[in-house]
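Notes follow once the structure below has been shown.
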Amino acid sequence: MYNLRGKTILIGITGGIAAYKICELIRMFKRQNANVKVIATPNALNFITKLTLQNLSQNDVAVEEFDVKDYKPEHISLADEADIFVIAPATANTISKLANGICDNLLTSVACAYKKTIILAPAMNCNMWGNKIIQENLTKLSGLNYQILQPESGFLACGYDGKGRLCSLDKIFDATVNSLFASQPLKGKKILITAGGTIEDIDPVRYISNYSSGKMGFALAKTARELGAEVTLISTVAHDNAIIVKSAIEMQNEVLKHLETQDAVFMAAAVADFRVKNTAEQKIKKIDDTEEITLTLVKNPDILKTICDLHPTAKIIGFCAESENLLENAHSKIQRKGCDYLIANDISRKDIGFGADENEVHILSADGKIEKIEKASKEIIAKEIFKRIWSINMN
Ligand code: C5P
């Protein structure tokens, strides 16, 4: 139904009887391939065991505030990692702490540090729900990054009949999924990205390649996925979900296999212009009285030009790395290759481009427009590229 692969959903469980229902919610998200992380308040563990939650989420369950994972305190790392935070059931106690910035356990601390959407599903006794203080606290939260899911009326575990039952799990699930996909302007688009430097064999143990790290392609793939696109990553360097290829010929075959269904192709790979004419089947031996050997190179296919010549419906974006006369060379390259956009970067600078974590690029369009993206991390550059090519507004 939904593909939540690559999405991390953080579920916060507080100490109410409805806590047991969250076991099924975890399973609903897991069935759609989400990565589910759970934080329980110490009170929640009176209603449900840590072991149950660990088994269902297939992740450690966090409870204590001062556990340190990697280099960050837990409340920051969980807040950074999660694409969405769902607090269910949310007790009157936790709601009031959240509304007042109280951070006295891991759940309230993570919520305080969390900047994206928090889905809050309250559940409590009907008289607590009707308490003006609780309602004021909820009003305060609803003006912030909280989406409140109203509880339902009916028979309550405490014996009363009234409003306060946790809303249905389907409602929580739908609100979470809708919110996850609301900020996905590229949902439904298919995007192919190549990354890394191609590897051209000389013999079984030696090859010709280049210094491309694949980082720009990986940043584009990550950003495209975050924006909702279905990404096909073809890479010479191992990376999540990548189709691994080695040579330019292999890369071309793989690109052509997928081309027809794509909405855009980013040729971020550094493809070798030449390959060895006769790759040796056995390791080339050192010959004592020979000071030189000659490798004959033949031209590789120009993948970018080949796909542009096929005039696919996809937008085609080429990349060029120049060590001199950047814009002049880029300008003639976009015309020669026939792509829709060319992302040009200056490789004479050591602080950007090849292998570095940062880049500074110019985006040339086929209509002659040139836009500069100032030096920034490759992730930010990737976002800026998508923003400009699809005229997307995002933070
Ligand atoms: O011609 P040049 O190598 O500078 O062009 C770079 C662009 O062309 C990049 O997008 C690269 O992925 C692509 N390219 C290609 N096939 C080649 C050489 C480069 O697709 N053989």
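For this structure, a couple of remarks:
- Which of ILE347, ILE102, ILE234 has the fewest Cβ neighbours within 10 Å, and the rest in rising order: ILE102, ILE347, ILE234
- For the stretch 190-390, the relative contact order comes to 20 percent (Cα pairs under 8 Å, sequence separation of at least 6).
- A Gaussian network model of the chain, with springs between Cα atoms under 10 Å, assigns the largest mean-square fluctuation among GLU379, GLU358, GLU260 to GLU260.
- Legend: calculated FRET efficiency, ASP161 to GLU24, from the Cβ-Cβ distance at R0 = 30 Å, rounded to 0.05, equals 0.80.
- Kirkwood-based shape ratio for the stretch 1-60, expressed as Rg/Rh from alpha carbons: 0.97
- Using Cβ point charges alone (K and R +1, D and E -1), the dipole size of the stretch 32-147 about the Cα centre works out to roughly 380 debye.
- Relative contact order, whole percent, for the stretch 18-137 stands at 25, derived from Cα pairs under 8 Å and 6 or more residues apart.
- Under the convention that each Lys and Arg Cβ holds +1 and each Asp and Glu Cβ holds -1, the size of the dipole of the chain around its Cα centre is about 1120 debye.
- When the chain is treated as a GNM with alpha-carbon contacts under 10 Å, the residue of LYS215, LYS378, LYS163 showing the greatest mean-square fluctuation is LYS163.
- With Cα atoms defining each centre, the stretch 112-162 and the stretch 204-248 are spaced 45 Å apart in the structure.
- Given their separation in residues at 0.36 nm each and the Cα-Cα distance between them, SER348 and SER183 gain 55.7 nm when the chain is fully extended.
- Per residue, the average separation of C-alpha pairs within less than 8 Å and at least 6 apart gives the chain a relative contact order of 10 percent.
- Convex hull volume per residue, computed on the Cα atoms of the stretch 8-182, equals 103 Å³.
- Dipole of the chain [Lys/Arg +1, Asp/Glu -1 at C-beta], most positive-end residue of ILE193, CYS103, ALA90: ALA90
- Helix-only mean residue ellipticity at 222 nm for the chain, each DSSP H run of n ≥ 4 adding -39500 (n - 2.57), per residue, nearest 500: -9500 deg cm²/dmol
- Potential lengthening of the chain between ASN253 and LEU144 amounts to 34.3 nm, from the contour at 0.36 nm per residue minus the alpha-carbon distance.
- Exposure proxy ranking, count of Cβ atoms within 10 Å, fewest first, for CYS103, CYS308: CYS103, CYS308
- The chain: DSSP helices with Cα axial extent of at least 18 Å and average Kyte-Doolittle hydropathy no lower than 0.5: 169-182
- Put a plus charge on the Cβ of each Lys and Arg, a minus charge on the Cβ of each Asp and Glu, and nothing anywhere else: the dipole of the stretch 190-390 about its Cα centre is then about 360 debye.
- Among GLU291, GLU250, GLU371, residue whose mean-square fluctuation peaks in a GNM of the chain (springs only between Cα atoms under 10 Å): GLU291
- Inter-probe distance in nm under a simple model that places probes 7 Å from Cα toward Cβ, at PHE274 and LEU45: 6.6
- FRET efficiency, VAL298 to ASP80 (Cβ-Cβ, R0 56 Å, nearest 0.05): 0.70
- According to the Kirkwood relation over distinct C-alpha pairs, the hydrodynamic radius of the stretch 190-390 is 17.6 Å.
- Taking 19 Å as the cut-off, the amide N atoms of the stretch 75-108 that come nearer than this to a point 7 Å along the Cα-to-beta-carbon line of ASN3 belong to 83.
- The modelled label-to-label distance for the pair GLU291/LYS387, using points 7 Å beyond Cα in the direction of Cβ, is 5.8 nm.
- Considering only the chain, percent of DSSP beta bridges that pair antiparallel, nearest 5: 35
- Exposure proxy shown here: for TYR2, TYR114, the number of other Cβ atoms within 10 Å sets the order, fewest to most, as TYR2, TYR114.
- Net lengthening on full extension, ILE244/ASN127 (0.36 nm per residue, minus Cα-Cα): 36.1 nm
Laboratory data are not the source of any read-out in this text; all were calculated from the coordinates shown. Keep in mind that this is a model prediction, so the values were computed, not measured. All Cβ positions, glycine included, derive from the backbone under ideal geometry; neighbour counts span all protein chains shown.
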